Amino acid sequence: MPADRDDEQLPQAQDSLQVRAYANLALIKYWGKRDSRRNLPATPSIGINLSALQVRTDIYPDHPEARPSTSGAAHKADAREDRAAPEDSSSQLRLTIDGTSQEPERHQDFMTAFSQTTGYTGALRAESSASFPAGAGLASSAAGFAALALGCSELARRHGAPRMTREDISALARVGSGSAARAVIGGFSVFPAGAHHATQLADAAHWPDLRVVIATVTTRRKELSSRDAMERTRLTSPYFGAWVEDAERMADEAERRIAARDLEALGELVRASYARMHASMLAARPPIRYWLPVSLQVLDACDSLRRDGVPAFETMDAGPQVKILTNAEHVDRVLTKLEGISLAGTPLVSSIADDPEVLS
Ligand code: DP6
């Protein structure tokens with residue numbers, strides 16, 4: 001717990017720090033919550049951090065006079081003493097993503113959890129920028145909350161809070177976004193159903209020649225967030241129960257196939273997971289469909305590549321983008337196949353990244 005401090009000792013702007021986090025691609029999908037209030041997943045998921053999709057976030061302690069008036073009780077010691085800070089004594093955050101101010105509601109639960117965990121109740125400012133379009137289904141919220149969780153925990157540590165473990169940081173990131181729990185853990189991570197945090201299955205060195213080709217179909221922001229879509233699926237899709245039941249079996253099997261580095265066998269499960277997730281949402285009321293005609297062209301291209309013996313296993317999240325799992329040897333074949341399709345820019349090729357890092 002940090003020592004009590006008065007206003008003179010409040011951290012100043014030069015205490016800023018910078019972190020880098022990666023988007024996390026689910027090979028086995030998280031879709032649906034067991035507990036919405038605590039953001040606990042209904043299904044186990046397995047993900048990998050993508051080196052090509054990065055978010056950098058600068059975090060600064062904010063000046064006390066810049067705090068919103070609702071934070072009048074900020075930096076009282078109660079959260080530090082009983083670890084159950086009332087809502088109005090949590091840290092306040094001013095966040096910009098690529099220069100655009102964000103609504104505070106989306107990160108308020110996260111900031112409350114942060115204050116309860118670390119005892120840090122000062123105001124913060126964060127400036128985030130992504131190497132890829134935000135909100136288009138490329139896991140920007142996973143990367144964004146992983147960066148925030150790592151950066152905030154490091155800032156609190158520099159101000160006297162105990163160092164948080166990677167699992168604690170993952171649990172904090174989860175409060176912001178379920179997939180962010182995985183993004184805090186590098187390499188291959190598993191986030192079990194009902195769990196508070198993700199854990200590592202293997203680091204990036206376990207499978208150095210695994211690659212993901214990212215085919216961006218459109219950079220338009222999606223109209224329906226993954227949070228709202230998965231909740232509608234849970235509440236209205238008659239297939240939701242079957243999806244949850246089946247997910248457990250798929251995740252167990254995927255762990256074995258990752259351990260064996262068996263791309264063909266893993267790829268088959270990766271395809272089943274995304275297809276079943278989308279089947280469950282297509283059956284929601286009203287139906288949810290993120291796919292665009294160009295997405296289907298990419299899926300056709302993958303079918304054709306596999307018929308020619310090229311390992312190309314597609315997956316899709318809550319958006320129209322298609323990510324293709326392959327290996328280093330076959331990346332060029334995949335890229336050549338995509339040339340005839342009008343994508344929103346050149347496809348990105350990613351390998352697996354390790355943990356997010358504190359850069360300064
Ligand atoms: C389709 O992590 O964005 O990308 O926890 O409500 O913030 P919240 O949801 P979010 O959902 C990600 C869904 C997914 C699959 C996945 O990443 O596992």
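The values are calculated or read from the model by the stated rules, or taken from the named source; none is laboratory data. Computed from a prediction, not measured in an experiment: that's the story for all the values here. With ideal geometry, Cβ positions are generated from the backbone for all residues, glycine too; neighbour counts draw on all protein chains shown. SASA here: full protein model, heavy atoms, side chains in, ligands and nucleic acids out. Shrake-Rupley method; radii C 1.70, N 1.55, O 1.52, S 1.80 Å.
Taking residues in region 125-140 that are at pLDDT 90 or above, and partners anywhere that are outside any loop (DSSP other than H, G, I, E, B) and within 12 Å of the ligand (Cβ to nearest atom), the pairs with Cβ atoms closer than 8 Å and at least 6 places apart or on different chains are Ser128/Gly144; Ala130/Ser140; Ala130/Ala143; Ala130/Gly144.
Does at least one position in region 234-241 carry a residue that is in a strand (DSSP E or B), open to solvent by 20 Å² or more (accessible area, probe 1.4 Å) and either farther than 29 Å from Thr165 by Cα or touching a helix residue (DSSP H, G or I) at 6+ places or on another chain (Cβ under 8 Å) (or both)? Looking for residues that are in a strand (DSSP E or B), open to solvent by 20 Å² or more (accessible area, probe 1.4 Å) and either farther than 29 Å from Thr165 by Cα or touching a helix residue (DSSP H, G or I) at 6+ places or on another chain (Cβ under 8 Å) (or both), one finds none in region 234-241, hence no. For residues in region 20-34 being open to solvent by less than 10 Å² (accessible area, probe 1.4 Å) and assigned to a strand (DSSP E or B), which is farthest from the ligand (Cβ to nearest atom)? For region 20-34, the residue satisfying everything is Ala21. Restricting attention to region 211-233, the residues being in a loop (DSSP other than H, G, I, E, B) and out of contact with any Ser or Thr (no Cβ under 8 Å at 6 or more places or on another chain) number 9.
Quick check: anything in region 286-295 open to solvent by 10 Å² or more (accessible area, probe 1.4 Å) and either in contact with a strand residue (DSSP E or B) (Cβ under 7 Å, 6 or more places away or on another chain) or assigned to a helix (DSSP H, G or I) (or both)? Give the derivation first.
If we filter region 286-295 for residues that are open to solvent by 10 Å² or more (accessible area, probe 1.4 Å), which is where we start, we get 286-287, 289-294.
From what's left, either in contact with a strand residue (DSSP E or B) (Cβ under 7 Å, 6 or more places away or on another chain) or assigned to a helix (DSSP H, G or I) (or both): 293-294.
Yes, that holds for at least one residue.
Just so you know, in region 320-343 the residues that are part of a loop (DSSP other than H, G, I, E, B) and modelled with pLDDT of 95 or more include one that is farthest from the ligand (Cβ to nearest atom), and it is Glu339. In this structure, Thr118 does not satisfy being within 13 Å of Leu93 (Cβ to Cβ), hydroxyl-bearing (Ser, Thr, Tyr) and touching a residue at least 12 places away in the same chain (Cβ under 8 Å). Condition test on Asp4, is it modelled with pLDDT of 95 or more and of a type in the set (D, E, K, R)? The answer is no for Asp4.
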